[in-house]
Amino acid sequence: MCGITGIVSLNRENIGEVLVKCGRKLTYRGYDSVGLAAVHEGKVDLRKDVGTVDAVDKLLGLSKMKGDRGIVQLRWATYGPPTKLNAQPHFACDDSIYGAHNGNIHNYVEYRRELVETGHIVRSENDGELCVHAVDKYYEQTGDMLEAVRLSTRDLKGAFSFAVGRADSREIYAVKMGSSLVAGVGNEETIASSDLPSILPVTNNIIYLADGEMLALSPEKVEVYRIEDGKRLTRKPEPTTIDVHAAEKGGFPHFMLKEINEQPKVAQDVMGVLQGAKSDEWLNIIEESKNLYLVACGSSYNAGVVGAYYFNRLAGIPLVPSIGGQFESMYGRALDEDSLSILVSQSGETKDILNVLNLVKSQGRGKTLGIVNVIGSTLMFNADAYIPMACGYEVSVPATKTYFSQTVIFAYLAAMLGERNGTLDRQEAKSIVRMLSQDLPTQAQATIDHTGILAKNLAKTLIGVKDLYCLGYGMTDGVAREGALKIKEICYNHCEGMYSSEFKHGPLSIVTRDYPVIFVTTPEDSWMVINHINEVKCRFGRAIIVGERESSLEPYVSNEVDYLEVPKGNIVLNPMIDVIPLQLLSYFLSVDLGIDPDLPRNLSKTLTVD
Ligand code: F6R
C-alpha cells in the first residue's frame with residue numbers, strides 16, 4: 001500500500017534530500033508514483049510523477065527541493081490509475097493546504113460529489129485528495145488546523161492515515177485511522193511515517209500510535225491527541241534498537257537475494273525467541289482453545305498450509321487454514337468463545353487480516369494469536385498475544401525469509417504441543433527442537449550453497465516459458481504453492497501451485513510435449529508422486545524435480561538440469577529446505593527476464609486495503 005512521510009525541522013534547508021532518503025526506504029509500499037511537497041519561505045513547491053523515487057527524483061529534482069518541512073508520498077494505485085494527476089501529495093482548492101494519504105476512503109464517490117457540490121475544486125480521481133479537501137473544509141469553518149484535521153476524520157470513511165500541512169504554518173498534522181503511522185523525535189526535527197525504516201535515517205526515538213489518534217509535529221515536539229474528543233495524550237518517545245543498516249542491500253544485487261541468504265540466521269534467531277520466556281504463554285493459548293483457525297494471505301497463507309500439516313503430523317491437532325479475505329464468509333459463524341484465530345502477517349498491517357482481528361474482537365468470538373514480523377504493527381499491538389518472526393526487515397516485495405520463519409514457528413509449536421498431548425514422546429519432541437535449532441541453520445546454508453548454481457542453470461531453460469505448474473504432496477503442499485507464487489509474482493508467468501494428486505482432475509489437459517511441471521517431493525512421498533510424474537511424462541511433458549536425490553526419480557528427468565537436488569535431511573525440515581531452490585529459481589529467472597525482483601509491477605509489500 002502507499003507510504004507517507006512528513007518532516008518538520010527548525011533549520012533545515014534541504015528537506016527534499018532528506019525526504020527522498022526517507023521515502024526511498026518506503027519503496028516496498030508503492031512505486032506507481034512519487035510526489036514531494038516542500039515548504040520554503042511560506043510557499044509550497046509540489047512535484048510529482050509516475051515512477052519510483054529514484055526515477056521521479058531524476059526527472060524532477062526532488063532531492064534538490066528546498067525547505068524546512070514537507071511530505072513525501074509513494075503510491076500503490078487503488079483509486080484512480082497511476083498517473084501524474086493522481087499522484088500524491090495534493091493541494092486543496094488552492095496551494096495553501098497540501099497533504100497525502102495511505103489507505104482507502106470508502107465513501108469516495110459520495111464524498112467527492114458532496115465536496116464538488118459545495119464548491120471544492122477536486123482535480124484527480126484519487127481518494128487521497130479528499131483528505132486534503134476535508135481538512136480545507138473544516139479549516140474554513142474553524143480557522144484552527146488541529147481542529148480541522150480532527151473533524152475531517154468524521155467525513156472520511158475507511159481505513160487510512162494522512163499527513164497534511166499549511167503553507168503558512170510550521171506544523172504538519174497526521175492522523176491514524178486504521179492504517180499504520182509512527183512518529184519520531186529527532187534533534188530539532190520531528191517526523192511521522194507509515195513505517196519505521198523511513199524514520200530511522202532521522203532518529204531512533206520512536207512514538208507508536210493507536211488507531212483513532214492524531215499528531216501535531218513541530219520542530220521541537222510531537223503532540224499526540226485522541227481524535228474522538230481532541231484530548232491531549234501523554235506519549236513519550238522510546239529508543240528503538242532496530243538497525244537502519246538492516247534495510248540496506250549489504251553487497252547483494254537485490255534485497256531478495258540478501259533475504260534468501262539470511263535464512264540460516266533467521267532459523268537461529270526465531271528458535272532463540274521460541275525457546276524463550278514466552279513460549280509457555282503461546283502454547284497455553286493454543287492448548288486452551290478448542291477450534292484452531294489459521295488466517296493469512298499470500299506467502300503467509302502458504303506457510304500456514306505447511307503449519308496445518310505440522311499440527312496434524314506432530315500433534316494430531318486440526319488447524320484449519322483460511323485465506324484472510326475468505327475467513328468470515330467461510331468460518332465466521334462457526335467462531336465461538338473457544339476458538340483461536342492464529343493471524344499470520346509479515347507486515348501486521350494486511351487489511352484482510354485486520355478485518356478478521358476486528359471481527360473476533362468486536363464480537364468476542366474467542367482469542368487471537370498474531371504471528372508477526374513488523375514490531376509496532378497493528379496486529380502486534382492488538383492480538384491477545386503475538387509471536388515475533390524475528391526476521392528483521394524484509395524489504396523485498398516477495399516474501400522469503402518470513403515464510404521460512406513462519407514454517408519454523410509452526411514446526412516448533414506443533415512439536416511442543418505434540419509433547420504436551422502425548423502424540424510425541426519427550427525424546428521425539430526434543431530431537432525435533434534440536435533439528436530446528438542446530439541442524440536447520442547448517443542445512444539451509446548448504447542448500448543455498450548447493451542449489452544456487454542449479455537454480456541459475458534451470459532458470460536459463462525456462463526463459464520464454466509463460467505457463468507452468470508447481471505441484472506438492474503432503475508436507476510439500478505449501479512449499480509448491482509458495483514456489484508457484486514466487487514465480488508468478490516476480491517472473492510474470494502463469495505458474496499454478498497445487499496438490500499433485502489433484503492435477504489429473506482437470507489441469508492435466510494442459511500438458512503437451514515439453515510442458516513443464518515442477519514436482520516438489522520428499523523421500524517419504526516419492527512413491528506416490530511418481531504416479532503423478534508418470535501421468536505427465538507419458539504425455540511427453542517435462543518433469544522438473546525439487547527434492548533429495550533418489551534413484552527412483554532419476555529416470556524421469558530428461559536432462560540433469562531438471563533435478564534441483566537438495567541436501568538429505570529429515571522430513572520435518574523439508575518445508576523449509578525445499579522452498580530455497582524455488583526462491584532461487586524465481587529470483588534468477590526474474591533477473592534473466594530483466595525484471596527487478598524486489599519491485600515487481602503492480603504490487604506493494606504492505607496491503608492495507610480491502
Ligand atoms: C508474496 C507476498 C505476499 C504476502 C501477502 C501477505 O511474496 O509477499 O503474498 O505474503 O501480501 O502479507 P503479510 O504477510 O504482510 O500479511
Filter segment 222-266 for residues that are out of contact with any Pro (no Cβ under 6 Å at 6 or more places or on another chain), assigned to a helix (DSSP H, G or I), of a type outside the set (A, V, I, L, M) and buried (at least 16 other Cβ atoms within 10 Å of the Cβ) and give the result. PHE255, LYS258, GLU259, ASN261, GLN263, LYS265
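How many of the residues in segment 362-378 are assigned to a strand (DSSP E or B) and within 11 Å of the ligand (Cβ to nearest atom)?
3
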Log entry, pairs with first residue in segment 476-488 being in the same structural domain as PRO523 (by TED's automatic domain parsing) and at negative phi, second being crowded, with 24+ Cβ neighbours inside 10 Å and among the charged types (D, E, K, R), beta carbons closer than 9 Å, six or more apart or on different chains, reads THR476/ASP578; VAL479/ASP578; ALA480/ASP578; GLY483/ASP578
Where ASN187 falls short, out of the listed (1) in contact with a Ser or Thr (Cβ under 8 Å, 6 or more places away or on another chain); (2) farther than 23 Å from GLY67 by Cα: (2)
Going through segment 537-566 one residue at a time, which ones are part of a helix (DSSP H, G or I) and more than 35 Å from the chain's Cα centre (by Cα)? LYS537, GLU554, PRO555, TYR556, GLU560
Within segment 481-525, count every residue that is away from the ligand (no atom under 16 Å from the Cβ), assigned to a helix (DSSP H, G or I) and among the basic types (Lys, Arg). 0
Those residues of segment 176-191 which are closer than 11 Å to ASN102 by Cβ and either hydroxyl-bearing (Ser, Thr, Tyr) or buried (at least 24 other Cβ atoms within 10 Å of the Cβ) (or both) amount to LYS176, SER179, SER180, LEU181
What about ASN457, is it closer than 19 Å to PRO597 by Cβ, within 16 Å of the ligand (Cβ to nearest atom) and either modelled with pLDDT under 95 or polar (S, T, N, Q) (or both)? no
All but one of (1) free of Cβ contacts under 8 Å to residues at least 12 places away in the same chain; (2) within 13 Å of the ligand (Cβ to nearest atom) hold for SER431; which doesn't? (2)
Can you tell me which residue among VAL50, VAL39 is touching a residue at least 40 places away in the same chain (Cβ under 8 Å) and among the hydrophobic types (A, V, I, L, M, F, W, C)? VAL39
Residue among LEU584, LEU607, LEU589 that is at pLDDT below 95 and either part of a helix (DSSP H, G or I) or not assigned by TED's automatic domain parsing to the domain that holds MET435 (or both): LEU607
Looking only at segment 278-313, count every residue that is within 16 Å of the ligand (Cβ to nearest atom) and either on the phi > 0 side of the Ramachandran plot or part of a loop (DSSP other than H, G, I, E, B) (or both) and tell me the total. 2
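The values are calculated or read from the model by the stated rules, or taken from the named source; none is laboratory data. Not measured: the values here are computed from a predicted model. Note: ideal-geometry Cβ built from the backbone for every residue, glycine included; neighbour counts use all protein chains shown.
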